[in-house]
Amino acid sequence: MTTIQNNPSVTTLPSATNNSSAAGSASAAISASASSASQIQDQFMTLLVAQMKYQDPTNPMNSAEMTSQMAQISTVDGVNKLNGSMNSLLTQMQTNEAYQASSMVGKNVMVPGNTLNLTKGQANFGVQLSAPASSLKVNVLNAAGQTVNVLTYGAEPAGTVPLSWNGKDAAGNQLPDGKYTFQLAANVAGQNVNPTGLTVASVTGILNPTANTSTQIMLDNNTTTNISNVAQIR
């Protein structure tokens, strides 16, 4: 989020033409830098009153400059209030996001990844396609990085596409349950691309957002990811 910074120059006023030492004393008394619009306003009014008090009656302050300074301080105050409102809105959105994420605990989700968890001869995964594909190929690899099977598919639509593997190798033999990985290749608009793979995992918990992070979900594969990375809830 972009934060608009206060402009310290708004505390500068035209110099008085008479009794400048008295006005200077008033200025020195509040020379410390203000950290909020309220403090800047207090400084501005103190300086303004001092300069009006000690101004030369035959050469009064320039009303145009004074009006400009007052407009600037009003703008700073408005910006400060706007930043406060935006920060409050962001906090509310983060709270709502965390509340929504809590309903996902115990459910399976599809998030970016290339792992397969073969359980009872069945593994679910997916692919994220930015455009329709005329063909899709999936290489399934074992823990040693060896290809055990190649799955081929025809045309697939754009978006999140759920896929599954029955745990069999290229010869039709049932492989043992465990961890596997996969590689993807697709033909999109006549070009070979490597689309984003989606792994399936169960949500075990929620990490509340901080000032610099969004809501995170904890998965049963010992990883965490942003809730925005969830492509599908199963």
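The values are calculated or read from the model by the stated rules, or taken from the named source; none is laboratory data. Remember, predicted model here, so these are calculated numbers, not experimental data. Cβ placement follows ideal geometry from the backbone for every residue including glycine, while neighbour counts extend to all protein chains displayed. Quick note on the areas: whole protein, heavy atoms, side chains included, nothing else; ligands and nucleic acids left out. Shrake-Rupley method; radii C 1.70, N 1.55, O 1.52, S 1.80 Å.
In order along the range 202-208, the phi-based Karplus estimate (6.51 cos²θ - 1.76 cosθ + 1.60, θ = phi - 60°) of 3J(HN,Hα) comes to 9, 7, 10, x, 10, 9, 5 Hz; Gly and Pro are listed as x. The value of relative contact order for the range 155-222, using C-alpha pairs under 8 Å at least six residues apart, is 16 percent.
For residue 104, the accessible surface of its heavy atoms amounts to roughly 10 Å² (probe 1.4 Å, protein chains only, rounded to the nearest 10). Treating the range 179-234 as a set of equal point scatterers at the Cα positions, no solvent, please give the Debye-formula log₁₀ I(q)/I(0) at q = 0.13, 0.20, 0.28 Å⁻¹. Log10 I(q)/I(0), no solvent term: -0.48, -0.83, -1.15.
From largest to smallest, the equivalent ellipsoid semi-axes obtained for the range 107-170 from the alpha-carbon gyration tensor read 20, 15, 10 Å. Per residue, the range 127-234 exposes 54 Å² of solvent-accessible protein surface, assessed with a 1.4 angstrom probe and all protein chains in place. Other residues lying with their Cβ under 13 Å from the Cβ of residue 187 contribute a combined charge of 0, Lys and Arg counting +1, Asp and Glu -1.
Here's the list of lysines a cross-link from residue 107 could span, going by alpha-carbon distance under 23 Å and ignoring same-chain residues fewer than 8 apart: 120, 179.
Note on the range 106-232: Rg/Rh from C-alpha atoms, Kirkwood Rh, equals 1.01. Close amide-amide hydrogen proximity is noted between residue 163 and 125, 126, 127, each under 5 Å apart and 5 or more residues distant or on a separate chain (H modeled in the peptide plane; Pro and chain starts excluded). The amide H of residue 148, built 1.01 Å from its N in the peptide plane, has 140, 141, 142 as neighbours under 5 Å, considering only residues 5 or more places off or on other chains.
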